[in-house]
Structures are given as structure tokens and as C-alpha cells.
1. Please specify each residue of the stretch 103-118 satisfying the condition of being farther than 15 Å from PHE92 by Cα and touching a residue at least 40 places away in the same chain (Cβ under 8 Å).
2. Is it the case that some residue within the stretch 289-307 is crowded, with 19+ Cβ neighbours inside 10 Å, hydrophobic (A, V, I, L, M, F, W, C) and either over 20 Å from SER196 (Cα atoms) or under 20 Å from the mean Cα position of the chain (by Cα) (or both)?
3. Name, by its number, the condition in (1) touching an Asp or Glu at 6+ places or on another chain (Cβ under 8 Å); (2) within 16 Å of ligand 1 (Cβ to nearest atom); (3) at pLDDT 90 or above that does not hold for VAL314.
4. Would you point out the residue of the stretch 132-142, among those that are outside any strand (DSSP E or B) and touching a strand residue (DSSP E or B) at 6+ places or on another chain (Cβ under 7 Å), that is farthest from ALA63 (Cα to Cα)?
5. Tell me which of these THR83 doesn't satisfy, since it passes every other one: (1) under 20 Å from ALA113 (Cβ atoms); (2) surrounded by 16 or more Cβ atoms within 10 Å (Cβ to Cβ).
6. Determine if the stretch 249-259 includes at least one residue that is surrounded by fewer than 19 Cβ atoms within 10 Å (Cβ to Cβ), without any contact (Cβ under 8 Å) to a residue 60 or more places away in the chain and within 25 Å of THR206 (Cβ to Cβ).
7. Being crowded, with 16+ Cβ neighbours inside 10 Å and more than 23 Å from MET288 (Cα to Cα) is the filter here, so list the residues in the stretch 369-390 that pass it.
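The values are calculated or read from the model by the stated rules, or taken from the named source; none is laboratory data. Keep in mind that this is a model prediction, so the values were computed, not measured. We place every Cβ from the backbone using ideal geometry, glycine too, and count neighbours over all the protein chains shown.
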Amino acid sequence: MTTTPADCCADSEQKLLPVELARERILQAVQTVTAIEQLHLRSALGRVLVEPLIANIDVPPFANSAMDGYAVRNQDCTGSRETTLEVIGTSFAGRPFNGEVSDHQCVRIMTGAVIPEGADAVVMQEQVKRDGEQISFDNRSVKPGQHVRYAGEDSRQGNTVLQPGIKLGAAEIGLLASVGVSEVRVSRRLRVAFFSTGDELTAIGTPLDKGQIYDSNRYTLFGMLSRPGIECYDLGVIPDQREAVRAAFQQAGEMADLILTSGGVSVGEADYVTETLSELGKINFWRMAMKPGKPLAFGKMGRAVFFGLPGNPVSVMVTFYQFVLPTIRKMSGEKEREALLIQARCSQELKKTPGRMEFQRGILKRESDASWSVCSTGTQGSHVLSSMSNSNCLILLPAESDGAKNGELVTVQPFMDFD
Ligand code: AMP
Ligand code: MG
């Protein structure tokens, strides 16, 4: 799978690699990390489940009332319109009524309380007239099972509650708690090391010299990598010096499952990153049919997967979301998911030259007629990081497209798809 920088330089402009094909190749080349950890539920939030989770109990564990009212026998609620019953006790949530409901009897019942023996329906208290220990109500609306939540309606004993490969969110850890599970087996955290390269980069906290810029990529990368399933290591800014670059890669290779760098992978660039990479690993230097993010390096360095992201700040974010994030999901054992794509009407003209797929930064909005519209954030340069902050979606314009007219439908990917 290796091509050298020299091969790439020989490529003609027509041999740009399409985004989908690159993603396919990348996902084919990476494996799921197999190590497992057993964690308490709260610590498992955001982690990927590695085995099916079977319920050991029914949830709810018993038939209970969905309403505050009276537990009745449906067979008493026939005949003339009005039914009158005797109240023989109360069933509270957590404090069941222990007797049995017989002919023309009922039990006062609260939401979540056990349906007493003999009863099979609940009449809402709002529909009942109470007079001492007697209630009466119009029986035409009563049906068997009315307002009863049966045992196992949510999770049934012996059934699979969660499939392996699911990332545990708030609903999932709550669901696990509901079946009484306190610990789960999840894949271990993925170790991701990253650093920036470039002699022009200054770490924040130091005044800028002429020709210098602040290193922002390590901060966007830190932000995008800060997830419960990731242990990330920031190896700092590495100057464009042969030994420093080599040492940084070696250090990263020893600690990480995944190594990310930004900068220094432009095709034909005479720097030490490409040179060192070719020596240390099996790396492809791709020219992607995408904008932003044309240069991209991908491969393996020892056991670690490597991405050399472009240097431009927007390119870093876009290539991270399009290639690195699906890789992280696969390496973490998360089952593949389809991208969340929405059709929205362009509220302005979008300019584009055919050839490369574009990921323009957009603002997705719901219109008063409930349709979606999208507009551009303005200047689309790959150095304009504020465009990422001002947007809430990427507008995906296919390679062959020559832009979009005002009113035309375009595909957008909301940022929530990158959670
Ligand atoms: P390169 O890919 O190294 O040629 O970098 C492309 C552009 O991205 C140049 O303008 C770099 O100055 C800029 N750049 C590279 N790395 C960073 C970084 N860590 N933070 C901000 N800008 C960067
Ligand atoms: Mg550079």
C-alpha cells in the first residue's frame, strides 16, 4: 500500500484520490484494538461495549400502574354505564397492597405501584368520584390492561439489551442500570499521540517573532480527541529538524495506537517529515480530491496507524472528521454508522470549480415552513479557522459539481455527526 513521495510527485493532477475511496482504503487497513477493560457503569460512559448485554431480569420487574388512580377488575366494569366499587386498600410505589381484589372491589394505586392480585386495569383518579370508601365512574372507557405497564415491556429477561459495538451514552448506561448491571466490559481506551511540525510554529504563551504563527492545530486536535474512549498524548511542536522529527515519531510509535501529525506532508515538500516517515513506516502520500485537505499521509509505523494531516487549520479539522474519526471508531470497536446527511436548500450561490470534493463551512437553519436552509460562512480559505467556529455543518459539494445556485438542494453534514 506504500507509495513514496517521489511516486506521488509523478502523479498527474488527474490522479487525485477520491474521498470515498481513501476512506475505504483506510478502514480496510486498520484493525480493532482487542484489549478489554471491565468498568463500573459511570466510568463506562462514552466507551464501546465489547459483548452483548443480556438482561437478567424483566424491566419493569412486575406489572404496575402508569397512572395515579384505582386498580379495578375489568369484568366489574360492564353492564350499566356507572360502576360503583369498594376501596379496600392502597398500593404505593415501593409499598404494594398485599391482599387480593375481589368482586366489586378496587385498590387506590399510585404510578409505579404493583397492580394487586385480581386487578387488571387502572381507572385514572380524574375520572372517578369518591365518596368515603366508595368510588363510581363511567365504565364505558375502561378496557382490560388499561394504564397497566406489564413486566418486561422495556427489557425482557434473557433478551439482549445492548449489542456489542455500541458506544455507551446516557440512555445506555441508564438502561444498564435498569437491568441491575453495575459493571460492563468495554474496549480499552485508544492511545493517540499527536504533534505539530513546522519551524514557523510558536507555542502559546511566547511572543511571536517575525514570520512566526501560533500553533493552533494541537488545540483543535486536543479538542477533537477529547473523548472518553481516548487517551491522548500531546508531544508538542517539533521543529523541522531531521533528528527531532525522527525522535518524535519514535516516541509516538512506542506509546500510541494512532499517531497524528499536522503539517509537512505537502507533495514534493522537501522537509524531514516525509523523508522520516518513509524511513520509519509504510506510508502513502496521497493527493486527495478534496478541498480543503489535499495532501494527506496515511499508513503504519510499527503497530501504530499514522495520519499525516495537512498543516492548514481547517484542513486538519475536515480531514480529522472525514478520515481519522471513522478510523478511531473502527479501532475502538464501534460498529460502523452511516453519516448523518441532510438535504438543505442553499440560500445563496456557492462557487466551486469541478475536480475536487469540497467541504464548505455552512450554517444550517430551520425555516418557518420547517424546511432546512444552509448558507456559507463566507471566506472559505483553509487557513480561516474562524469559519469552523462560525459554522454548524459542512456543505458537501461533490467533486464534479460546479457549485450550487441559490435555491438548489445541497447535502450537509451537521457537526453533531462528529460527536
Ligand atoms: P504545511 O503543510 O506544513 O506546508 O503547512 C500548511 C500551512 O499550515 C502553512 O501556512 C502553515 O504555517 C500552517 N500550519 C502548519 N501547522 C500549523 C499549526 N500547527 N497551527 C497553525 N497553522 C499551521
Ligand atoms: Mg510546514
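1. Scanning the stretch 103-118 gives a single hit, GLY118.
2. Scanning the stretch 289-307, I find at least one residue that is crowded, with 19+ Cβ neighbours inside 10 Å, hydrophobic (A, V, I, L, M, F, W, C) and either over 20 Å from SER196 (Cα atoms) or under 20 Å from the mean Cα position of the chain (by Cα) (or both), so the answer is yes.
3. Every listed condition holds for VAL314 apart from (1).
4. Filtering first and then ranking leaves GLU133.
5. Exception for THR83: condition (1).
6. yes
7. TRP372, SER373, VAL374, CYS375, THR377
Yes or no, residue by residue, for (1) under 30 Å from VAL316 (Cβ atoms); (2) of a type in the set (D, E, K, R); (3) within 16 Å of ligand 1 (Cβ to nearest atom); (4) assigned to a loop (DSSP other than H, G, I, E, B):
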| position | (1), (2), (3), (4) |
| --- | --- |
| GLU126 | no, yes, no, no |
| ARG130 | no, yes, no, no |
| GLY158 | no, no, no, yes |
| VAL161 | no, no, no, no |
| ALA177 | no, no, no, no |
| GLY180 | no, no, no, yes |
| VAL186 | yes, no, no, no |
| PHE195 | yes, no, yes, no |
| ILE204 | yes, no, yes, yes |
